Amino acid sequence: MAQPTLPTPPTPPTPSFRIGQGYDLHRLEAGRPFVLGGLVIDFDKGPVGHSDGDVLLHAATDALLGATGQGDIGQWFPPSDARYKGADSAELLGQVMAQLTQAGWQVVNLDSTVFAEAPKLSPYKTELAQRLAGLLGIDASQINVKAKTMEGLGAIGSQEAIAASVTVLMQQV
């Protein structure tokens, strides 16, 4: 007796939701502007980078690109390319968002953590969330910004560096 032939199951659709994660870290140096989330914050040190060194926007860009399978910020804006020397990271994020929006992606929510011993970032969290929301074309209620110190430990704790971690949920519509 012949075995019955089972139908081939359909190929599952590509998921419409994807999660991305991004991380960035930059050394801090005296006399440079402290740029975070597209804001210039009064502080005596600022991040050193090929662009403006904005760790929050760099991590957000990497999270967006990761969620959508589009590589990373270094592929899109390589440090070897002189066009991006001193670039405004908000403009770079805007270029990525324009491409992702055109491809049908939208941000559902973004959660971020900035690691810095100083300056104290609590007074800026609402403004940072609003700035990110504007750059991503979503409501500020879809953004969360947390700030953590390193309790004096390591390069971040000794105010030699700043870092950010971002997780984003994207939906293809």
Exercise. Quick check: is even one residue across the range 163-173 assigned to a helix (DSSP H, G or I) and surrounded by 14 or more Cβ atoms within 10 Å (Cβ to Cβ)?
Worked result: no
Exercise. Between residues in the range 78-89 that are under 20 Å from residue 33 (Cα atoms) and residues that are surrounded by 11 or more Cβ atoms within 10 Å (Cβ to Cβ) and among the aliphatic types (A, V, I, L, M), which pairs lie under 8 Å by C-beta distance while being six or more apart or on different chains?
Worked result: 84/92; 89/35; 89/57
Exercise. Just checking, how many residues over the range 33-74 are closer than 19 Å to residue 171 by Cα and either in a helix (DSSP H, G or I) or modelled with pLDDT under 95 (or both)?
Worked result: 9
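So which of 153, 169 is of a type in the set (A, V, I, L, M, F, W, C), touching a residue at least 12 places away in the same chain (Cβ under 8 Å) and out of contact with any Ser or Thr (no Cβ under 7 Å at 6 or more places or on another chain)? Outline the logic, then answer.
Values: 153 fails: touching a residue at least 12 places away in the same chain (Cβ under 8 Å).
Exactly one of 153, 169 is of a type in the set (A, V, I, L, M, F, W, C), touching a residue at least 12 places away in the same chain (Cβ under 8 Å) and out of contact with any Ser or Thr (no Cβ under 7 Å at 6 or more places or on another chain), namely 169.
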Seminar exercise, completed: Across the range 75-131, the tally of residues that are part of a helix (DSSP H, G or I) and aliphatic (A, V, I, L, M) stands at 10
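The values are calculated or read from the model by the stated rules, or taken from the named source; none is laboratory data. From a predicted model like this one, the values you see are computed outputs, not experimental measurements. Neighbour counts are summed over all protein chains in view; Cβ atoms, including those assigned to glycine, are modelled from backbone coordinates with ideal geometry.
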